[in-house]
Structures are given as structure tokens and as C-alpha cells.
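Enquirer: Have a look at the structure that comes next, please.
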Amino acid sequence: MRETVAIFAGTFDPVTNGHLDLIRRGALLFDRLVICVARGGRSTRFTPEERVALMNAALAEELAEVGGGEGGRLQVEIFDGLVVEQARRHGARVLLRGIRGNQDWDYEMQMAFANRGLAPEIDSVFLPPSPGMTQISASLVREVAGLGGDVSAWVPATVLRALTSGA
């Protein structure tokens, strides 16, 4: 039987509990999940290397449980360019995406149609957040943390330390 590989791509600046929720659930749905941290994009607080390190630290338990690392069932890497090209490099047939509400729906549908036009062999799969995760976004975390607010309920401990240490 053919292995089903999925890509979960984003800036993950920073990784939130909402991201981790989708990763944990995606790891149950697919044979292999590749978390692709976008190098470019909008302005970020953390470098791509820092975001990968924070993701790996946040996922340490999950990586051990599901066989993480290069060639494992769950891996984290930096990428440039089109997500569909990254998917092709990994033999992925699925782009995993989360949708919190109508605004996400409109954006994600636009991206899904564009990606499908570029790579008809790759499908987008959308997961709603688990209860209690709908309000979490990386941009909100950055804004609240930047103003000295408490984001401990929204991010893993390793990310909270990085946000409060000024890393």
C-alpha cells in the first residue's frame, strides 16, 4: 500500500498550541507529516532556524512517539518557494491546513484552488480547530506578548520562554 504523505506549511512565528493541535491530529491521519517552516513571507519575530528549533522543542515528545527526524513519520524543515513543489519533493499528496473561521475559509479556499491548478495531483485537507483553539493565531500571540500580555495558554512552554526572553 502506498504511503500517504502530508505537508503542513506555515511561518509558525511562533508555533502555537493551535498548530500543535493540528500536527498531533495530522500525525494520526497520515503515514508521514512534514512540517515545512517557510523561510520568507511577512516579517517575522524569529529566524527560520529559531522557528524550527522552537517547533522541534515543542514536538520533542511527539517526535519520539511517532518516529520523528529525517525520514521519520514526523519531521520539521525550512523551505523556500511554492508549497506544492515542496510537496512534490516529498512525494506528498496532501496539504494539511487549519480553518478557524470564515476569514480563514476564504483565504484557504483561494490557496487550495491555486495549488490545485499548479499541482492537480495534490489535494488540500482542512481541519477545524479543537475546542478552545479557535482564537489562537501566531500574529495575535506576537502582538499580545509584545505588549507584555500573558500568552501562556496559547503557546508551549518553550515558546513562552523564547517570547519572554527577548530571543
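The values are calculated or read from the model by the stated rules, or taken from the named source; none is laboratory data. Fair warning: this is a prediction, and the values are worked out from it, not measured in the lab. With ideal geometry, Cβ positions are generated from the backbone for all residues, glycine too; neighbour counts draw on all protein chains shown.
Enquirer: Filter the stretch 69-108 for residues that are of a type in the set (D, E, K, R) and part of a helix (DSSP H, G or I) and give the result.
Expert: Answer for the stretch 69-108, where residues must be of a type in the set (D, E, K, R) and part of a helix (DSSP H, G or I): E85, R88, R89, D104, D106, E108.
Enquirer: Could you please find all residues in the stretch 139-167 being free of Cβ contacts under 8 Å to residues at least 12 places away in the same chain and under 16 Å from the mean Cα position of the chain (by Cα)?
Expert: S139
Enquirer: Given R97, R73, R39, R45, which one is surrounded by 14 or more Cβ atoms within 10 Å (Cβ to Cβ), of a type in the set (D, E, K, R) and modelled with pLDDT of 95 or more?
Expert: Just a single option satisfies the conditions, and that option is R97.
Enquirer: How many residues does the stretch 1-23 contain that are within 19 Å of I78 (Cα to Cα) and either among the small types (G, A, S) or not in a loop (DSSP other than H, G, I, E, B) (or both)?
Expert: Result for the stretch 1-23: 10.
Enquirer: Oh, and also: Which number in (1) within 14 Å of the chain's Cα centre (by Cα); (2) under 24 Å from A119 (Cβ atoms) marks the one condition that L20 misses?
Expert: The failed condition is (2).
Enquirer: Oh, and also: Output the residues belonging to the stretch 112-148 that are modelled with pLDDT under 95, of a type outside the set (A, V, I, L, M, F, W, C), surrounded by fewer than 14 Cβ atoms within 10 Å (Cβ to Cβ) and more than 15 Å from R100 (Cα to Cα).
Expert: Correct list: E143, G146, G148.
Enquirer: Only residues that are out of contact with any helix residue (DSSP H, G or I) (no Cβ under 8 Å at 6 or more places or on another chain), closer than 21 Å to R25 by Cβ and not hydrophobic (A, V, I, L, M, F, W, C): list them for the stretch 76-97, please.
Expert: Q86, H90 - these are the residues of the stretch 76-97 that are out of contact with any helix residue (DSSP H, G or I) (no Cβ under 8 Å at 6 or more places or on another chain), closer than 21 Å to R25 by Cβ and not hydrophobic (A, V, I, L, M, F, W, C).
Enquirer: Residues to consider are E85, E50; find the one that is over 18 Å from V155 (Cβ atoms) and either at pLDDT 90 or above or not β-branched (V, I, T) (or both).
Expert: E85
Enquirer: Looking at M111, M133, which one is out of contact with any Asp or Glu (no Cβ under 7 Å at 6 or more places or on another chain) and either assigned to a helix (DSSP H, G or I) or touching a residue at least 60 places away in the same chain (Cβ under 8 Å) (or both)?
Expert: M111 is the lone residue from the list that is out of contact with any Asp or Glu (no Cβ under 7 Å at 6 or more places or on another chain) and either assigned to a helix (DSSP H, G or I) or touching a residue at least 60 places away in the same chain (Cβ under 8 Å) (or both).
Enquirer: Further, regarding this structure: Return the residues of the stretch 24-60 that are within 24 Å of G146 (Cβ to Cβ) and not in a helix (DSSP H, G or I); say none if nothing qualifies.
Expert: V37, A38, R39, G40, G41, R42, S43, T44, R45, F46, T47
Enquirer: Which ones in the stretch 1-24 are at pLDDT below 95 and more than 24 Å from R142 (Cβ to Cβ)?
Expert: Across the stretch 1-24, the qualifying residues are M1, R2, E3.
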